[in-house]
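Presented below is the structure to which this report refers.
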Amino acid sequence: MLSTLILLPGLLNDARLWTHQVRTLAAGREVLVGDLTQDDSLDGMAERVLAMAPPRFALAGLSMGGYVCMEIMRRAPERVERLALLDTTARPDTEEQSQRRVSAMEVARAGGFGKIMPTMLPNLLCPASLADAAITDLAKDMARIVGQDAFIRQQTAIMARPDSRAFLPSIGCPTLVLCGAGDTLTPPDRHREMAGLINGARLVMVEACGHLSALEQPEAVSAALATWLG
């Protein structure tokens, strides 16, 4: 029976975020990408992923996908063989972050959804990635496909996420914590914090990389995941 890897995308990302990883890691295993567009709570997202998952699986998530990973670990730790948290944080939103999300949702509802991803890109990508049209065009097209309604659901879920720091020491499976060295949204210190709280976690920093590491440095991320799955 094939082992299974489940990959969870971030805000306004679809399965294309993980294109290189799906292709590279599929030898000898089933690779699935979870759907995080249908629910307005991390609870709902986690339950949807668990419903489509086999009894045991490896689990990796980037950004919002990492928040869902932590919720899955709270609900069904016995089902997760190994865990990878990429460009994410165990901390809840600050008041300022939540207010920015509320403002973005208001812009989207007022007909400005098309402006959201172009505005976000300088915070999501390192300068070299921001200058790469293949990366920026894909990020904008993923946002277009995910759409306004799912964006509002996702932001609602993200704002309500708990502080997971006290929970992390209970994680007992092999864990990878990976961060783009130039990630300004969930910076390296957040990843050092998580890795320090999870017993035996391996910390990887990816150079020349921002928040969307799986897209910006796909080879390095796939290599780190392959070692983690090893």
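The values are calculated or read from the model by the stated rules, or taken from the named source; none is laboratory data. What you are looking at is a predicted structure, and each value in this text was computed from that prediction instead of being measured. Reconstructed Cβ throughout: ideal geometry from the backbone, glycine too, with neighbour counts over all protein chains shown.
Being in a helix (DSSP H, G or I) and either modelled with pLDDT of 95 or more or more than 26 Å from T227 (Cβ to Cβ) (or both) holds for only one residue in R161, R165, R144, and it is R144. One residue alone among A181, A143 is farther than 21 Å from L59 by Cβ and surrounded by 18 or more Cβ atoms within 10 Å (Cβ to Cβ), and that residue is A143. Say whether the condition of being part of a loop (DSSP other than H, G, I, E, B), touching a helix residue (DSSP H, G or I) at 6+ places or on another chain (Cβ under 8 Å) and of a type in the set (A, V, I, L, M) is met by at least one residue in segment 213-228. No: segment 213-228 contains no residue that is part of a loop (DSSP other than H, G, I, E, B), touching a helix residue (DSSP H, G or I) at 6+ places or on another chain (Cβ under 8 Å) and of a type in the set (A, V, I, L, M). In this entry, T4 is excluded by the filter for residues that are of a type in the set (S, T, Y), under 14 Å from the mean Cα position of the chain (by Cα) and modelled with pLDDT of 95 or more.
Does A128 fit the bill of being within 20 Å of L11 (Cα to Cα), touching a residue at least 60 places away in the same chain (Cβ under 8 Å) and small (G, A, S)? Taking the combined requirement at face value, the residue does not satisfy it. Picking from residues in segment 1-59 that are among the β-branched types (V, I, T) and touching a residue at least 24 places away in the same chain (Cβ under 8 Å), the one that is nearest to R75 (Cα to Cα) is V49.
Do we have R165 as without any contact (Cβ under 8 Å) to a residue 12 or more places away in the chain, surrounded by fewer than 18 Cβ atoms within 10 Å (Cβ to Cβ), farther than 16 Å from T37 by Cα and basic (K, R) here? Here the answer is no, as R165 does not meet what is asked. On inspection, S103 does not qualify as surrounded by 13 or more Cβ atoms within 10 Å (Cβ to Cβ), of a type in the set (S, T, N, Q) and either more than 27 Å from T19 (Cβ to Cβ) or within 20 Å of the chain's Cα centre (by Cα) (or both).
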